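Okay, so here's the structure we're looking at.
The values are calculated or read from the model by the stated rules, or taken from the named source; none is laboratory data. Remember, it's a predicted structure, so these values are computed and weren't measured experimentally. Glycine gets a Cβ as well: all are built from the backbone with ideal geometry, and neighbour counts include every protein chain shown.
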Amino acid sequence: MRTGNLTTWLLRGTYPRLYVPIVAIILLVTGVRYHYLLAAETDEALQQASTELRRASDPLLLRLAAMPTPDADTVTSVLTEGLAQAAPGVASMKWQVAGQPTIEVTAPPRPAVAPPWFAGWLDLPAPVQQSGLTLAGGTSGRLTVTAHPQPLADQVWATVMVQARISALNIFTILFLLTLLLRANARMLQRLAQATDAFRQGYLSTRMEVTGTLESRAMAETFNDMAGKVQSLVLSLHETQRQQSEQLHFTRQLIDALPLPVFVRHADGTYLDTNRAWQRLFQSQPGADGATGASLPAELAPERSARIASAHNNEIRIHPPHQPPLDMAYYEAAFTSTSGVLAGTIGTLVDVTERKRAQEALRSEKERAEVTLASIGDGVITTDLSGRIETINEAAQLMTGFTAEQALGRQLDEVFRLHEEPASRTASAAAERGTQPGVLQQVTYEVLIHRSGERYAIEYTAAAIREGTGHAVGCVLVFRDVTETRNLRHQISWHARHDALTGLYNRAALAEKLTHALFVARNQQLLLGVCMLDLDHFQAVNDTFGQRVGDRLLKEVARRLGAFITTHDAVARMGGDEFVLLLGEQPDVSAIEARVAVLMQQLAAPYAIDDRMVNITVSIGVAVFPQDDANPDTLLRHADQAMCQAKSFGRNQLHMFDVQHDHAVQTQHTRQTRVARALHAGELVLHYQPKVNLRTGEIIGLEALLRWQHPQEGLLGPQHVLPLVDDTELLVELGEWVLRQALAQMRQWTDAGMTWEVSVNIAAPHFHRPNFVQRLKDILHTCPEVSPTRLELEILESAALEDMQYMRHMMQSCQALGVRFALDDFGTGFSSLSYLKRLPAETIKIDQSFVRGILEDGDDLTLVKAIVALAAAFHRHVVAEGVETAEHCAKLLELGCERAQGYGVARPMPAGDVLPWARDHAARYAARAVQEAARRPASA
Ligand SMILES: Nc1nc2c(ncn2[C@@H]2O[C@H](COP(=O)(O)OP(=O)(O)OP(=O)(O)O)[C@@H](O)[C@H]2O)c(=O)[nH]1
């Protein structure tokens, strides 16, 4: 309130409150007093007038009584005299005698003092004195003396006026003193108000002057005392505030200086603050708004964040604006008020993306090293400096006979027992020599004593393991069994010689067996029956009952074949529904025919698969050695020709190949001619099977596959063409035709904007032609629009291993032209690590027989894992063949194999179908990606 207002209020309030009652009391008292005063004064004036009248009439009566017969004149004079002597208030004297005229004397009127209204208001009666007198004559006379009321009113008026003056003086004195008092009081309050106002405006040194009345001084002192205390309180408050704001400023800078994003949230869930790192990360404004933006991950919502922070895995994925997603660990702490009540939460994020990446890289590096170690055929043992074993891989466990549990922690010489010199000596020598990593070590040949006592010839190297500083911390021993060529793991070698589905020998093992059987037959002068078996209308089984039943049937056929053979025999699966049976040590042809007839009977017996019966027959062609004294390959071809004859004679037949009489050779010739005709008549076509990246859906290329659009038999696979032209000039012609076709097709796709890579299968005999590179170059020149880098040549792994040196040279020459290589059917050959390393193929294609089994066969799974790891170790692409189902795709992705081909992706298709398929595939994949993105939570 302003000073003026305060004063006005005080004055307005105090005066009416004090003055009005005081004036009212004064008026009341004065009224009462004057009421009684007037009554008393009036009475007294009337009494006084009555006395005066008596005093004036009594002497007159005496004089009138003394006169015997007063005449009128005498009476008049007496009355006049008496009137003159009477008090001034007597107005008249009247004498009356019966029978005589009344004599009256009147005094002249006197001037009035009291105002007429006063006399009128008093309304006094005129006092009268009447006295009777008996005169001498016996008559009676009456004297009447009358007083005038005006003098009485004047008398009362005079008294009242005196009293009124006294009263007025009193009232004036009282009001005057009262006013003085109030004014002093008002001045005091005004000063107080001014001081209070100045104090309130911040002039804390304001003090009141200690003067004036006792009360003023007391009040000024009280105010000054109070102001002093308030001033020191305010100053100390200011000091505390300053310190607090300093503290806040420091804390703010401290939080902003933190490299970690931090936010502060109130207990009610509203955001209070964020630091600079947070604002930078989320590109938000300073202040509370920064933490409430849409960019805040949903996981950090108040109801969820505490659970994340306290979870074992407190990592979340953040998607900051305009940045790639980050993996961050989330921490939070509660903060309380000074009274201990929960006030809110401080949350912070720690970027662990790099750490996770490094961990992931380390983990996959470790896994790769472990898988590599587990996969390679070489035994590897590492020790510390004291020779205590720290790691031992699977091959080393096999070769030493100690499991990892038994070996770890033991001294090297107890596990790695050498016949001549303890290994620990070589190991410590290696550590002392200061060998450098990557430098080839001196190979030592020794005899390793297996735990069982068995002995192996081994070669081994020892090298020091060094820290970054070069200080040796242990030793690594690498050794291999050179007693047998067991460089690869057991499973690889098994798969290298066996058919994965049936467990029978495969084509490669059959070649060995056949060579051996021929050797035995020659030595023992006995016959060898080479039988080619092909199930009749097996495709119908697949089509009717499905591939799974087809597989079961193949297994069962294999089981019956296995049960049929003796120790002199061997049986192998060549692929598809084709088997080869070697009947060794046979005395004559009829014995062979008899056994084959029995076999046909056994194989024709119904097969119970699941709860259905499947019937199948077999066509068998037999070539007999030495009647047909040919090399192993020719014998097989002859058996195959005989089998084809058996088929053409109606199936479910046995047909013996006879060199002299049989028309098989002729048939072969005829067939070759037919193929040549087909080639030139345009009956041969290429179908294309896509290879895709399972993770991204991208089409990484297509494999060109040969098909024969046979006018009578319909579409036939390459097995109906290639075996007929094997080892002939036609094979080369066919191979070159395929290359030209594929390039022409690539040119067409290029025109349509598709620069897909195309791979072409090259048969080994074709590839081995001395002029292969030059011919390839010529063919590439016919299509300059297509970059040679888009052409990939697929070579069977088994073929590539035949002459490593030559193959390597050939491949490098082709690669100089720009083309690339893939090793086809990888896993079925006999690759060792060193082979793979030496073959410069960019891509490895895992054989479909292993890929099919990854879901239920542990061995296949291990093998595929190992091949993927090996491919990664040697920086090769890896493509899985024969992918059939979505489960296969998921498993392959899990194993780190992203590239795949197979019915599960797409069947081989005519070139004209590829573009529509690609469009459809892209649309399907995009739709799936959208669905997956939709399924993912909105913070991420
Ligand atoms: N279930 C299964 N089928 C296979 C496998 N490998 C090849 N096939 C199929 O086996 C069939 C072999 O058919 P062919 O020998 O050409 O023809 P076929 O139906 O037996 O008729 P003929 O031999 O002329 O009597 C093809 O349909 C192949 O797709 C396999 O591992 N499992």
Q) Limited to segment 492-511, what total is found for residues that are of a type in the set (Gly, Ala, Ser), crowded, with 17+ Cβ neighbours inside 10 Å and within 16 Å of the ligand (Cβ to nearest atom)? A) 1
Q.
Can you find, within segment 553-611, the residue that is nearest to the ligand (Cβ to nearest atom) among those that are touching a residue at least 40 places away in the same chain (Cβ under 8 Å) and among the polar types (S, T, N, Q)?
A. Gln602
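Given the structure, is Asn652 within 16 Å of the ligand (Cβ to nearest atom), farther than 30 Å from Val883 by Cβ, under 60 Å from the mean Cα position of the chain (by Cα) and assigned by TED's automatic domain parsing to the domain that holds Met532?
Details: within 16 Å of the ligand (Cβ to nearest atom): yes; farther than 30 Å from Val883 by Cβ: yes; under 60 Å from the mean Cα position of the chain (by Cα): no; assigned by TED's automatic domain parsing to the domain that holds Met532: yes.
No: the conditions fail for Asn652.
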Q. For segment 527-544, what are the residues that are modelled with pLDDT of 90 or more and more than 6 Å from the ligand (Cβ to nearest atom)?
A. Leu527, Leu528, Gly529, Val530, Cys531, Met532, Leu533, Val541
Q: Counting only residues that are of a type outside the set (S, T, N, Q) and away from the ligand (no atom under 16 Å from the Cβ), give me the strands (runs of 3 or more DSSP E) lying completely in segment 704-820 with at least 1 of them.
A: 758-761, 791-796
Q. Does segment 755-765 contain any residue that is small (Gly, Ala, Ser), closer than 19 Å to Ala704 by Cα and crowded, with 19+ Cβ neighbours inside 10 Å?
A. yes
Q: Could you check how many residues of segment 612-642 are within 14 Å of the ligand (Cβ to nearest atom) and acidic (Asp, Glu)?
A: 1
Q) Among the residues of segment 121-153, which ones are loosely packed, with under 13 Cβ neighbours inside 10 Å and at pLDDT 85 or above? A) Trp121, Asp123, Pro125, Gly132
Q: Name, by its number, the condition in (1) under 23 Å from Gln653 (Cβ atoms); (2) within 16 Å of the ligand (Cβ to nearest atom); (3) without any contact (Cβ under 8 Å) to a residue 24 or more places away in the chain that does not hold for Arg548.
A: (1)
**Q.** Flag if Asn224 is touching a Lys or Arg at 6+ places or on another chain (Cβ under 7 Å), free of Cβ contacts under 8 Å to residues at least 40 places away in the same chain and part of a helix (DSSP H, G or I)
**A.** yes
Q. Which members of segment 168-198 meet the condition of being touching a helix residue (DSSP H, G or I) at 6+ places or on another chain (Cβ under 7 Å), modelled with pLDDT of 85 or more and of a type in the set (Gly, Ala, Ser)?
A. Ala193, Ala195
Q. Which members of segment 251-278 meet the condition of being touching a Phe, Trp or Tyr at 6+ places or on another chain (Cβ under 7 Å) and not in a strand (DSSP E or B)?
A. Pro261, Trp278
Q) If you scan segment 64-86, which residues turn out to be buried (at least 16 other Cβ atoms within 10 Å of the Cβ) and either not in a helix (DSSP H, G or I) or not aliphatic (A, V, I, L, M) (or both)? A) Pro70, Thr76, Gly82, Ala86
(Q) Need pairs with beta-carbon distance below 7 Å; first residue more than 17 Å from Ser648 (Cβ to Cβ) and assigned by TED's automatic domain parsing to the domain that holds Val541 and within segment 612-624, second assigned to a loop (DSSP other than H, G, I, E, B) and within 14 Å of the ligand (Cβ to nearest atom); sequence gap 6+ or separate chains. (A) Ile616/Asp536
Q | Criterion (touching a residue at least 60 places away in the same chain (Cβ under 8 Å), of a type outside the set (S, T, N, Q) and surrounded by fewer than 20 Cβ atoms within 10 Å (Cβ to Cβ)) met by exactly one of Leu722, Leu705, Leu679 | A | Leu705
Q | Single residue of Ala472, Ala457, Ala500, Ala462 found to be more than 30 Å from Asp413 (Cβ to Cβ) and of a type in the set (Gly, Ala, Ser) | A | Ala500
Q: Determine if segment 483-493 includes at least one residue that is at pLDDT below 90 and assigned to a strand (DSSP E or B).
A: yes
Q) Given the conditions (1) without any contact (Cβ under 8 Å) to a residue 60 or more places away in the chain; (2) outside the structural domain of Arg304 (by TED's automatic domain parsing); (3) surrounded by 14 or more Cβ atoms within 10 Å (Cβ to Cβ), and given that Ala358 satisfies all but one, which numbered condition is not satisfied? A) (3)
Q: Kindly indicate whether any position in segment 512-525 is modelled with pLDDT under 90 and within 16 Å of the ligand (Cβ to nearest atom).
A: no
Q | Residue list for segment 561-602, filter: surrounded by 15 or more Cβ atoms within 10 Å (Cβ to Cβ) and assigned to a loop (DSSP other than H, G, I, E, B) | A | Ile565, His568, Asp569, Asp577
Q: Kindly indicate whether Gln645 is over 60 Å from the mean Cα position of the chain (by Cα) and either in contact (Cβ under 8 Å) with a residue 60 or more places away in the chain or more than 16 Å from the ligand (Cβ to nearest atom) (or both).
A: no
Q) Looking at segment 207-221, which of its residues are farther than 10 Å from Ala195 by Cα and part of a helix (DSSP H, G or I)? A) Leu214, Glu215, Ser216, Arg217, Ala218, Met219, Glu221
Q: Any chance you could count how many residues in segment 317-331 are part of a strand (DSSP E or B) and more than 16 Å from Ala277 (Cβ to Cβ)?
A: 2
**Q.** Members of segment 320-345 found to be within 21 Å of Gln359 (Cβ to Cβ) and under 12 Å from the mean Cα position of the chain (by Cα), listed by number
**A.** Pro325, Leu326, Asp327, Met328, Ala329, Tyr330
(Q) Between Leu169, Leu177, Leu181, Leu152, which is more than 60 Å from the chain's Cα centre (by Cα) and touching a residue at least 12 places away in the same chain (Cβ under 8 Å)? (A) Leu152
